[in-house]
There are 2 protein chains.
Amino acid sequence: LIGSEGTLAVITAAWLRLVPAPELALPVLASYADVAAGCAAVQRVLANGLAVAALEYMDARTLALCARDFPFALGDDAPGFMVLAEADGSASEARALAAELARVLGEDATALHAPTDRREIGALWRWRERTSLVVAAAHGGKLSEDIVVPLDRLAEAITATLEIGAAHGLDACSWGHAGDGNLHSTLLFAPGEAGALERADAAAEDLFALAVRLGGSISGEHGIGYAKRGQLARQWAPGALALHAQIKRAFDPKNLLNPGKKLAGGAR
Amino acid sequence: LIGSEGTLAVITAAWLRLVPAPELALPVLASYADVAAGCAAVQRVLANGLAVAALEYMDARTLALCARDFPFALGDDAPGFMVLAEADGSASEARALAAELARVLGEDATALHAPTDRREIGALWRWRERTSLVVAAAHGGKLSEDIVVPLDRLAEAITATLEIGAAHGLDACSWGHAGDGNLHSTLLFAPGEAGALERADAAAEDLFALAVRLGGSISGEHGIGYAKRGQLARQWAPGALALHAQIKRAFDPKNLLNPGKKLAGGAR
């Protein structure tokens with residue numbers, strides 16, 4: 001039932017296995033000259049076996065939009081790329097991992113910042129959490145697509161996001177969960193501008209095609225739902241789609257469960 | 001496809017996300033007077049949020065069979081129950097966690113041993129890994145069932161395993177992955193003894209009923225396969241079984257994939 005998005009069953013009870021909260025969590029922030037250098041740093045973190053709690057990125061355009069709001073001086077006024085990693089665990093473990101992160105991320109960085117003050121850390125994450133709203137405010141409207149690609153194609157996907165935006169005459173940017181190869185590829189437009197939403201929709205189709213071409217998926221974490229209904233046909237063979245529909249019919253012959261989601265067409 | 005045991009599809013390619021090997025792994029071994037004290041210790045470990053890499057148990061009968069072979073002096077000649085936990089991570093993390101484990105497991109223990117010598121640790125795990133063979137050698141034959149119960153019913157399941165054995169005139173014991181509530185409930189018999197295998201089979205049926213009665217499952221980790229085909233009817237409603245069969249038909253209408261496994265009956 002995992003991934004069925006409520007189209008097959010209703011959860012009536014669940015057991016949760018809770019993970020103890022870490023004693024300490026320390027962010028390490030690094031800026032890079034460009035996408036290639038930043039994505040290489042992301043790969044270094046994972047190739048070194050550093051078990052980070054977060055490994056985020058922002059591209060240059062996202063940073064330009066969010067820079068005004070940045071909570072402290074980074075030492076690089078116009079970064080080409082930013083990686084934000086977090087080390088957590090016991091206090092000693094988090095400190096040791098943060099030091100290793102600083103070493104591995106710092107190799108090719110234009111600036112590095114590893115705050116340890118609780119207030120500064122809180123301000124940093126609040127800044128990160130505002131990204132989507134700040135980006136949306138730039139032109140007043142945005143379309144964000146949650147695509148995911150294999151990690152070794154991340155740099156390509158980030159660059160292609162800008163190219164796709166440009167091809168449709170749209171400002172574009174991306175940020176996301178670099179460690180998972182998960183991009184929030186975003187198209188920016190003024191809601192009142194004639195044809196802008198249609199161009200953004202067309203660009204989104206190109207983003208889905210990009211994700212599939214790079215061996216990824218049209219949804220990294222947000223699912224298919226209503227917004228991406230029918231899009232599974234891009235990445236699945238017809239036989240897999242037919243099986244999907246058969247399973248839906250077996251579980252829900254009357255189409256009562258979350259109807260109209262995931263698969264194309266109104267009925268199921 | 002998770003849990004389908006090869007009855008729905010064939011895996012042709014897989015991506016593995018590897019977890020770095022821990023720098024150090026330290027076992028902590030504790031003996032208890034009885035099942036209740038031992039299971040309380042297991043619950044204490046988890047309730048204290050100690051993220052152990054292993055949390056195993058052996059009951060008194062298993063220990064009696066394996067004692068001759070024990071690799072070092074434990075300080076308790078006839079333990080009523082034994083818990084074997086492992087702390088891993090970086091060297092400092094493993095040491096800190098092992099010390100916490102020793103404190104939490106030690107509270108009510110009759111003996112405690114936390115080897116740090118690499119050779120001694122290796123000997124301990126080899127001893128643990130021989131359990132199944134040593135137990136099988138006691139009478140020459142055994143039937144082990146891999147049941148699982150909610151952790152707060154573990155003590156009940158361990159005690160009931162002995163009662164079920166006795167009711168069928170069989171020597172019985174159990175050991176397993178206490179942290180998951182997973183028992184290897186085992187019935188021992190001499191292969192040549194008239195009716196022994198039949199009695200063991202009947203006792204195994206009682207073990208499955210026990211697991212379901214305690215809110216658990218007939219298989220903790222080894223799956224249904226051929227040996228437990230048809231047994232899902234014990235724990236699933238008829239509607240769930242019918243859905244299971246429908247899904248099998250959708251994926252494999254010609255019944256080519258691992259036929260005769262999981263569901264009852266030869267055909268599917």
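Taking both sides together, the accessible area buried where B meets A is about 1200 Å² for a 1.4 Å probe.
Write down the Kirkwood hydrodynamic radius of the range B:1-131, to one decimal in angstroms, obtained as one divided by the mean of 1/r over all alpha carbon pairs.
Working: mean 1/r = 0.0619 Å⁻¹.
Taking the inverse mean of 1/r over all distinct Cα pairs, the range B:1-131 comes out at 16.2 Å.
To the nearest ten degrees, helix A:196-213 and the longest principal axis of the Cα atoms of chain A are 80 degrees apart. Against chain B, whose longest principal axis is taken from its Cα atoms, helix B:154-167 shows a tilt of about 70°.
Comparing Cα centroids, the range B:143-213 and the range A:1-62 end up 42 angstrom apart. Extents of the range B:12-79, taken as max minus min of Cα coordinates on every principal axis and listed largest first, are 49, 30, 28 Å. Each semi-axis of the equivalent ellipsoid for the range A:141-268 is √(5λ) with λ an eigenvalue of the Cα gyration tensor; in descending order they amount to 28, 18, 11 Å.
Paramagnetic label reach from B:Ala73 (point 7 Å along Cα→Cβ; backbone nitrogen cut-off under 12 Å): within the range B:118-156, no residues.
Cβ-Cβ distance of B:Glu205 and A:Ala64, R₀ of 51 Å, FRET efficiency by 1/(1 + (r/R0)^6): the value works out to about 0.15.
Listed highest first by mean packing, meaning other Cβ atoms within 10 Å per residue, what order do A:57-67, B:67-77 come in?
Details: A:57-67: 21.5, B:67-77: 12.8.
Per-residue Cβ counts within 10 Å, averaged per peptide and sorted highest first, yield A:57-67, B:67-77.
Each residue of the protein assembly as shown gets 175 Å³ once the volume of the Cα convex hull is shared out per residue.
Stretch B:Arg213-B:Leu197 to full length: gain in nm at 0.36 nm per residue minus the Cα-Cα span? Gain on stretching B:Arg213 to B:Leu197: 3.3 nm. Here the scattering of chain B is modelled by Debye summation over its C-alpha atoms, one equal scatterer each and no solvent; at q = 0.09, 0.11 Å⁻¹ the log10 of I(q)/I(0) is -0.49, -0.71. Within the shell defined by Cβ-Cβ distances under 12 Å, the residues around A:Leu65 carry a net charge of +1, with Lys and Arg each +1 and Asp and Glu each -1. Simple point charges give the picture: +1 on the Cβ of Lys and Arg, -1 on the Cβ of Asp and Glu, and for the range B:55-124 a dipole about the Cα centre of about 180 debye. Residues of the range A:85-116 losing 50 Å² or more of accessible surface, assembly versus chain alone, probe 1.4 Å, please list them. When all protein chains are present, A:Glu93 each give up 50 Å² or more of accessible surface.
Shielding value for B:134-146 is 0, the average number of Cβ atoms from other chains within 10 Å of each residue's Cβ. Listed by chain and number, the lysines whose alpha-carbon sits under 23 Å from that of A:Lys142, ignoring those within fewer than 8 places in the same chain, are A:Lys228, A:Lys261, A:Lys262. Taking GluC sites (Glu not before Pro) across the range A:20-95, the ones in a DSSP loop with at most 15 further Cβ atoms lying within 10 angstrom of their Cβ are A:Glu23. Computed about its Cα centre, the charge dipole of the protein assembly as shown is approximately 1900 debye, with only Lys, Arg, Asp and Glu carrying charge at their Cβ.
Think of the range B:86-208 as having a plus end and a minus end, set by charges on the Cβ of Lys, Arg, Asp and Glu; of B:Gly122, B:Val134, B:Ala167, B:Gly122 sits farthest toward the positive end of this dipole. If only the Cβ of Lys and Arg carry +1 and only the Cβ of Asp and Glu carry -1, the dipole of chain A around its Cα centre is close to 1180 debye. With R₀ fixed at 45 Å, the C-beta to C-beta distance from A:Thr12 to B:Ala36 puts the FRET efficiency at about 0.85.
Arranged from highest to lowest average of other beta-carbon atoms within 10 Å per residue, in what order do the peptides A:42-51, B:38-47, A:121-130 appear?
B:38-47, A:42-51, A:121-130
The values are calculated or read from the model by the stated rules, or taken from the named source; none is laboratory data. Keep in mind that this is a model prediction, so the values were computed, not measured. Ideal geometry is used to build each Cβ from the backbone, glycine not excepted, and the neighbour counts take in all protein chains shown. The protein model used for the area step is the full one, side chains on, heavy atoms only, and it has no ligands, DNA or RNA in it. Shrake-Rupley method; radii C 1.70, N 1.55, O 1.52, S 1.80 Å.
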